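Taking it in order: structure first as structure tokens, then the write-up.
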Amino acid sequence: MPYDLSFQVRPDYVTAELSVKIAPGQELKEAMERWEAIARICRENNRDKVLVVMSFNGSYGMETKFKLAKGASSIGWTPNLKLAVVIPDPDRFSEQLFTETALNNLGYEMKLFLKKRPAKKWLLG
């Protein structure tokens, strides 16, 4: 599996740790799989807020980011899910800003952060 996912169910939200190794040629498929898993965890635990801390090995292009955002509903994401994503690596953080914009423009509530504390404050605010 090109990613590791662990999670904890908190009283008001889910926290998830995601370590991603991007496999060339599989970027979209694997991104859809991991975000579908997170959406499923939220549904199964009746949570509509999730804090995800991500680390990346590799990167993927704009087309993959766009297709991921456009396909969010097909993998179980709904506009009532509030998503805070922490990407501590400034370069990887910058690479994902398009995804944040695209998801928000499609009616989803998602925000990127470099640190966990402001992400949690926004998520629960």
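The values are calculated or read from the model by the stated rules, or taken from the named source; none is laboratory data. Keep in mind that this is a model prediction, so the values were computed, not measured. Note: ideal-geometry Cβ built from the backbone for every residue, glycine included; neighbour counts use all protein chains shown. The protein model used for the area step is the full one, side chains on, heavy atoms only, and it has no ligands, DNA or RNA in it. Shrake-Rupley method; radii C 1.70, N 1.55, O 1.52, S 1.80 Å.
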222 nm [θ] for the chain, helices only, -39500 (n - 2.57) per DSSP H run of 4+, per residue, to 500?
-12000 deg cm²/dmol
The ³J(HN,Hα) series, computed from each phi in the range 85-91 with the Karplus coefficients 6.51, -1.76 and 1.60 at θ = phi - 60°, rounded to the nearest Hz and given as x for glycine or proline, is 10, 9, 10, x, 7, x, 5
Under Karplus coefficients 6.51, -1.76 and 1.60, residue-wise ³J(HN,Hα) of the range 6-15 in Hz, glycine/proline x
10, 8, 9, 9, 9, x, 10, 6, 10, 10
Förster radius 22 Å - calculated FRET efficiency between L124 and E17 (Cβ-Cβ, nearest 0.05):
0.75
Residue separation times 0.36 nm, minus the C-alpha to C-alpha distance between E33 and K67: what's the value?
10.9 nm
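Going through the cross-link list K65/K116; K67/K116; K29/K67, which pairs have a Cα-Cα distance over 21 Å in this structure? Please report the intermediate quantities before stating the final value.
On the way: K65/K116 23 Å; K67/K116 27 Å; K29/K67 10 Å.
Exceeds cut-off: K65/K116; K67/K116.
Expressed in whole Å with the largest first, what are the equivalent ellipsoid semi-axes of the chain derived from the C-alpha gyration tensor as the square root of 5 times each eigenvalue? Show your work: numbers first, answer last.
Working: eigenvalues 80, 50, 44 Å².
Working through the eigenvalues yields semi-axes of 20, 16, 15 Å.
Averaged per residue, what accessible surface does the range 3-124 expose to a 1.4 Å probe, in Å²? Working shown, then result.
Working: 6530 Å² over 122 residues.
Here the residues of the range 3-124 average 54 Å² of exposed surface.
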Step by step: find N for the range 1-72, compute 2.2 N^0.38 Å, then divide the Cα radius of gyration by it. What's the final number?
1.13
For K49, enumerate residues with amide H under 5 Å from its amide H, sequence gap 5+ or separate chain, H modeled in the peptide plane.
V14, K82
